[in-house]
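Shown next, in structure tokens, is the structure this report addresses.
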Amino acid sequence: MIYSSDSAISANTGELNQILVNILVNAIQACEQQDNDDGIITITLSQHDNTIKLNIIDNGCGMPPEVKQRMFDAFYTTKPVGTGTGIGMSIVLQILQQQNASIEVQSEVGKGTNVQITFNAV
């Protein structure tokens, strides 16, 4: 259960864990690809009317449009062979669709990525 002020979302804890782990691992790896040690990941939770928004923002390497366009495709990865299966974000999307939640990604090469997940409040 995630709470924000007077509202909450109801979701399977294991599935929420899988969503967060997949997104955070990608954010950590994106920050590690930068040439400095100033990687920052910010997580915010906010309530908007009948929704709860979870934002995971990093200042990592960002994604070009062609990568962002395919990021939810099963078995698509930009990681070196042996370091990524390409199914993490596909699973995230499937779980969110089952929860009637949505995901929006904004990314700019060299500036980072913002992943926003919108859940319906209960």
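For a straight C-alpha distance cut-off of 21 angstrom, the lysines reachable from residue 79 (same-chain residues fewer than eight places away being disregarded) are 68, 111. For the chain, carbon and sulfur atoms together expose 49% of the accessible surface, with a 1.4 angstrom probe and every protein chain in place. Our helix-only sum for the chain, with -39,500 (n - 2.57) per DSSP H run of n ≥ 4 divided by its residues, gives a mean residue ellipticity at 222 nm of -9500 deg cm²/dmol.
When the residues 46, 102 are ordered by accessible surface, computed with a 1.4 Å probe over the protein chains alone, the sequence from largest down reads 102, 46. At q = 0.11 Å⁻¹ the log10 of I(q)/I(0) for the chain amounts to -0.37, computed by Debye summation with a single uniform scatterer per C-alpha, solvent ignored. Counting only Cα atoms, the size of segment 68-122 along its three principal axes is 41, 25, 16 Å, in decreasing order. Residues whose amide H comes within less than 5 Å of that of residue 87, counting only those at least five positions distant or on another chain, are 75 (H built at 1.01 Å from N in the peptide plane). In the full protein context, the chain carries 60 Å² of accessible surface per residue, based on a 1.4 Å probe and ignoring ligands, DNA and RNA.
The values are calculated or read from the model by the stated rules, or taken from the named source; none is laboratory data. Every value quoted in this text rests on a predicted model; they were computed, and no experiment measured them. Protein only, heavy atoms only, side chains kept; ligands, DNA and RNA dropped before computing areas. Shrake-Rupley method; radii C 1.70, N 1.55, O 1.52, S 1.80 Å.
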